[in-house]
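Notes follow the structure.
Throughout, read-outs are computed from the coordinates displayed, never taken from laboratory work. Remember, it's a predicted structure, so these values are computed and weren't measured experimentally. Positions of Cβ are generated from backbone atoms using ideal geometry, with glycine treated the same way; all protein chains shown enter the neighbour counts.
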Amino acid sequence: MAGNDAVTGFSVQDYAGLAFYAAAWLAYYLAVERSAAGRRSLNRVMNAHRYHWMRGLIERDNRIVDANINATLQNGSAFFASTSLLAIGGSLTLLRSTDEVLVVLGELPLGLVTSRLAWEMKVLGLTVIFVYAFFKFAWSYRLFNYGAILIGAVPNPTAGPTPEMELAAWRAASMNTVAGRHFNRGQRAFFFALAYLGWFVSAYVLMAATAAVLFVMWRRQFASDALAATERGPWPPPPA
């Protein structure tokens, strides 16, 4: 294939597409988690509500509802961790079926001709993304477990909130926030994995899919109805 790397079989467009993909992922991470503008993102706004939740917890004798909420969050992490393992298994299956897949690709109307090494490297890259997602979801599951312990460590109210209770609730909220952050990073890997699939067609499809995924994720974080719901208020007056 003229113009392609003699070793990997990748073209200049492939390298450009991969660079665009990595830059988009990095830019989104910086915008949501590290920039001042990211403070208005849905994830960061929900982090503030996590602290409000734990602040209200110290005024309740019965924490069954709080424990159930934490268990629901933990179950979500477990579900996505299991899904990541299935995705890893599917990727490795593709790697084992390289010869069959290359024959099928060569017979498609689009003529998706690629070298064996290029195909295997693309599949390995997809596998790495899903492995990263698994580690994030598994760690999030563990952190929600720790969060449940910290919720249980918050003293019951006696004559009102005390500094000790405030500190214990702050620790529980902080652990819950960290767990949520890792969960969000795992989901982000899933979304970018969808964009990565475009590379199996061409570098141009990779760049287009990355731009589309980036736009959808940006809109959900900064311009969605979900974000508007978290900022809604005050409570409307009752009808006359």
Exercise for the section: Please work out whether the stretch 160-240 counts as rounded, prolate or oblate from its C-alpha gyration tensor, where a ≥ b ≥ c are the square roots of the eigenvalues and a/c under 1.5 means rounded, while otherwise a/b larger than b/c means prolate and anything else oblate? Expected result: oblate
Completion exercise
For Rg/Rh (Cα atoms, Kirkwood Rh) the list reads (i) 0.97; (ii) 1.02; (iii) 1.11; the calculated value is entry (iii)
Exercise for the section: Please report, to one decimal in angstroms, the Kirkwood hydrodynamic radius of the stretch 1-95 built from all distinct Cα-Cα pairs. Expected result: 18.1 Å
Practice task
Could you estimate the translational diffusion coefficient of the stretch 49-189 from the Stokes-Einstein equation, with Rh from the Kirkwood formula over C-alpha pairs, at 4 °C and 1.567 mPa s, in whole µm²/s?
Solution key: 73 µm²/s
Handout entry: Normalised contact order of the chain, rounded percent, pairs of Cα under 8 Å and 6 or more residues apart
Key = 29 percent
Handout entry: Sites excluded, GluC sites (Glu not before Pro) in DSSP loops with at most 13 other C-beta within 10 Å, longest stretch of the chain
Key = 60-230
Handout entry: Of ALA179, ALA193, ALA226, the one that fluctuates the most in a GNM where the chain has Cα springs shorter than 10 Å
Key = ALA226
Completion exercise
In degrees rounded to 10, the 0-90 angle between helix 42-57 Cα long axis and the longest Cα principal axis of the chain is 30 degrees
Practice task
Would you look at the GNM of the chain, springs on alpha carbons closer than 10 Å, and say which of ALA133, ALA148, ALA37 moves the most?
Solution key: ALA37
Problem - Low-density loop cleavage sites - trypsin sites (Lys or Arg not before Pro) in the stretch 185-240, where at most 16 other Cβ are within 10 Å (DSSP) - result: ARG232
Completion exercise
The alpha-carbon center of the stretch 24-103 and that of the stretch 172-204 are separated, in whole Å, by 8 Å
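Hey, fewest Cβ within 10 Å first, where do ILE88, ILE64 land in order?
Numbers: ILE88 18, ILE64 8.
With the sparsest Cβ surroundings first, the list reads ILE64, ILE88.
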Problem - Relative contact order of the stretch 49-189, pairs being alpha-carbon contacts under 8 Å that are 6 or more residues apart, as % - result: 38 percent
Practice task
Using only Cα atoms, find the angle between the long axis of helix 12-29 and the longest principal axis of the chain, and express it within 0 to 90 degrees, rounded to the nearest 10.
Solution key: 0 degrees
Exercise for the section: Return the single residue from ARG142, ARG60, ARG44 with maximal mean-square fluctuation; model: Gaussian network over the chain, springs between Cα atoms under 10 Å. Expected result: ARG60
